[in-house]
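The values are calculated or read from the model by the stated rules, or taken from the named source; none is laboratory data. Bear in mind that the values here come from a model prediction, so they are computed numbers and not experimental data. Positions of Cβ are backbone-derived with ideal geometry, glycine not excepted, and every protein chain shown enters the neighbour counts.
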Amino acid sequence: MQGQVRIKIHSAGEVERIEREHVRLERFLNDLGETCREFSSKQDCSGCERGTQACCQGRLTSFFYDFLDLVAEHIENEEAIIGRYLANADDSRYFKQHQEAHGLIMGELRRLMEEAVGISKHGQTAEAIRRLHQKISHIFGSHARDYDDHFREIA
Ligand SMILES: [Fe+2]
Ligand SMILES: [Fe+2]
């Protein structure tokens, strides 16, 4: 992002709240990874029994809805907090860019999750979970670097 602006948040409590939510999202994503026994081995689902495979598939589907809800809730909280600290026009432009980035993330997450459920339905749940985990981690990492990291500073 060009022309980054540091948003100064005047309340440690609010910074902590945003941070807590980021940690919670990360934990939620890592929990999904831990569902799969083969997450790190890069093997497919052939070593798991049918019951286990069905369980992982169900877990992926429920992750789909729960994670989208959590991200939407976080975005709402984050935007409400940042919105309270806009001091000048530059901050406001930055805020609009940040909001647009959030909108793009929601669309991208939906697309990735639908893709993952599709891959899982073809019996490749391990691959679906790995790919989803990797892509979401990447999206969140870039977003943090471009936007969220810049309002940690407390005035
Ligand atoms: Fe965030
Ligand atoms: Fe953000």
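Structure summary
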| quantity | calculated |
| --- | --- |
| Residue match in segment 132-144 (condition: more than 16 Å from ligand 2 (Cβ to nearest atom), in contact (Cβ under 8 Å) with a residue 24 or more places away in the chain and in a helix (DSSP H, G or I)) | yes |
| Condition broken by residue 43, with the remaining ones in (1) in a loop (DSSP other than H, G, I, E, B); (2) modelled with pLDDT of 95 or more satisfied | (2) |
| Residue check for residue 72: modelled with pLDDT of 95 or more and either over 30 Å from residue 50 (Cβ atoms) or within 14 Å of ligand 2 (Cβ to nearest atom) (or both) | yes |
| Evaluation of residue 84 against (1) within 16 Å of ligand 1 (Cβ to nearest atom); (2) over 19 Å from the mean Cα position of the chain (by Cα); (3) farther than 29 Å from residue 12 by Cβ; (4) not aliphatic (A, V, I, L, M) (one fails), failing number | (3) |
| Count - residues of segment 123-147 that are within 16 Å of ligand 1 (Cβ to nearest atom) and buried (at least 19 other Cβ atoms within 10 Å of the Cβ) | 2 |
| Every pair of residues 6+ apart whose Cβ atoms lie under 7 Å, when the first sits in segment 72-88 and is closer than 15 Å to residue 100 by Cα while the second is at pLDDT below 85 and more than 11 Å from ligand 1 (Cβ to nearest atom) | 82/7 |
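Residue-wise test of (1) closer than 25 Å to residue 150 by Cβ; (2) part of a loop (DSSP other than H, G, I, E, B).
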site: 34; (1), (2): no, no
site: 54; (1), (2): no, no
site: 78; (1), (2): yes, no
site: 86; (1), (2): yes, yes
site: 95; (1), (2): yes, no
site: 129; (1), (2): no, no
